[in-house]
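The values are calculated or read from the model by the stated rules, or taken from the named source; none is laboratory data. Since we're looking at a predicted model, the values are computed, not measured. No Cβ is skipped: glycine too gets one built from the backbone with ideal geometry, and neighbour counts run over all protein chains shown.
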Amino acid sequence: MSTRRIVVVTVFALLVMAPLGARWDARRDIEGMSEAAAAFLRSLDEDQVAAATFELEVDERTRFHFIPIEMFERRGVMIADMSPLQRERAHALLEAGLSQRGHMTTMQIMELEDVLLALEGGQRFARDRDEYLFSIFGSPSPDGDWAWRFEGHHVSLHVTVVGGRIAVMTPAFLGANPAEVRDGPQAGRRVLGDREDAGRTLVRSLDAAQRDLAILQADAPRDILTGADVDVQRFDAEGVVAADLRPEQRRLLFDLIDVYLSLMAEDMAEHRRSRLLADDPDAIRFAWAGSIEPGEPHYYRVQGPTFLIEYDNTQNGANHIHSVWREFEGDFGRDLLREHRRRHPHD
């Protein structure tokens with residue numbers, strides 16, 4: 001673990017122990033994304049602009065999936081159809097919305113398409129690392145409401161900017177197939193290994209009584225239960241609650257949450273941490289299904305008052321991860337947009 005990651009996790013864990021109502025200023029992220037999005041759009045020709053841009057308030061903005069493009073048509077401009085300059089500017093937008101770690105992880109997920117192509121021979125799907133699309137909703141600006149999306153197989157990232165003050169990334173889906181590359185030039189790579197390891201470390205830290213609460217069933221579901229639902233509902237109050245964890249277990253829980261938050265650019269992540277801590281962190285629940293042994297099918301979820309993490313690794317011999325961050329009212333920035341427009345009806 002890097003020094004910076006240790007500091008971030010430690011600060012997050014310490015903050016959990018104290019009430020915090022702070023709100024973080026995401027201006028740096030917003031300005032960077034606005035500039036990058038505008039530069040990207042300027043690099044496109046007329047037809048590409050028409051394909052890449054949408055109004056903010058359209059159904060297309062909440063249409064998403066994480067399956068191969070042959071199974072679910074995407075709309076936007078595909079990397080495969082971009083010039084070198086356009087690719088450079090598209091990746092600059094992606095880098096502006098992600099942390100360095102998040103950008104590297106996303107690129108590695110795309111590179112796994114090469115592994116699948118070698119394994120499958122392109123018999124069913126193209127398995128092309130360039131079959132990922134960028135879409136812009138509204139007009140990118142440092143002080144308005146707008147959004148952007150990056151999506152393809154096993155990547156579905158949705159960023160919404162609200163009033164030029166707040167930026168959120170949700171839904172945020174990442175998958176990995178294979179979860180562990182076992183042959184070839186990428187052998188040994190575990191792109192989402194931190195999500196697996198942090199969850200297993202937490203469940204293994206639980207005592208017998210806590211495991212009775214946390215482990216819901218012996219068999220893991222075949223996939224994340226929310227799938228690609230546009231609206232997600234809260235699960236029943238199942239699992240072990242943070243208030244009943246020992247201090248060291250509580251730190252492991254927030255280490256796990258931070259694995260997901262660390263995907264985002266720094267200011268966005270800090271803003272979401274501040275919201276999480278203001279929303280009763282004692283009420284966060286951790287639930288598990290399946291085996292706690294490596295290499296066996298397993299599933300977990302972390303549910304707070306406002307957010308949900310789901311993770312599943314059951315397919316392809318428990319070597320195929322699906323994981324997602326969702327928010328019950330805040331997916332696609334809906335809650336923040338609603339509140340902003342209530343306060344600023346003429347914007």
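Structure data summary
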read-out	value
Output for region 73-85, where each listed residue is in contact (Cβ under 8 Å) with a residue 60 or more places away in the chain and either acidic (Asp, Glu) or surrounded by fewer than 15 Cβ atoms within 10 Å (Cβ to Cβ) (or both)	ARG75
Selected residue (criterion: surrounded by the most Cβ atoms within 10 Å (Cβ to Cβ)) from residues of region 144-191 that are of a type in the set (Val, Ile, Thr) and assigned to a strand (DSSP E or B)	VAL161
Residue identified as surrounded by fewer than 17 Cβ atoms within 10 Å (Cβ to Cβ) and over 23 Å from GLU327 (Cα atoms) among GLU120, GLU113, GLU131	GLU120
Subset of region 185-233 [in contact with a Leu (Cβ under 9 Å, 6 or more places away or on another chain) and within 14 Å of PRO297 (Cα to Cα)]	GLY199, ILE215
Any hit, region 299-314, residues being without any contact (Cβ under 8 Å) to a residue 40 or more places away in the chain, surrounded by 20 or more Cβ atoms within 10 Å (Cβ to Cβ), assigned to a loop (DSSP other than H, G, I, E, B) and not β-branched (Val, Ile, Thr)	yes
Per-region count, region 225-236, residues over 23 Å from ASP59 (Cα atoms) and surrounded by 13 or more Cβ atoms within 10 Å (Cβ to Cβ)	1
Single residue of region 246-286 satisfying the filter (surrounded by fewer than 21 Cβ atoms within 10 Å (Cβ to Cβ) and assigned to a loop (DSSP other than H, G, I, E, B)) that is nearest to the chain's Cα centre (by Cα)	ASP279
Qualifying residue in region 17-32 (condition: small (Gly, Ala, Ser), at pLDDT 95 or above and farther than 30 Å from ARG251 by Cα)	no
Unmet criterion (only one of (1) surrounded by fewer than 19 Cβ atoms within 10 Å (Cβ to Cβ); (2) among the small types (Gly, Ala, Ser); (3) at pLDDT 95 or above) for ALA214	(1)
Helices (runs of 4 or more DSSP H) wholly inside region 45-121 that include at least 3 residues being of a type in the set (Val, Ile, Thr)	100-120
Qualifying residues in region 248-287 (those that are modelled with pLDDT of 95 or more and of a type in the set (D, E, K, R)) - the one farthest from ARG211 (Cα to Cα)	ASP258
Contacts under 6 angstrom Cβ, first residue in region 203-224 being under 19 Å from VAL324 (Cα atoms), partner surrounded by fewer than 12 Cβ atoms within 10 Å (Cβ to Cβ) and polar (S, T, N, Q), 6 or more apart	none
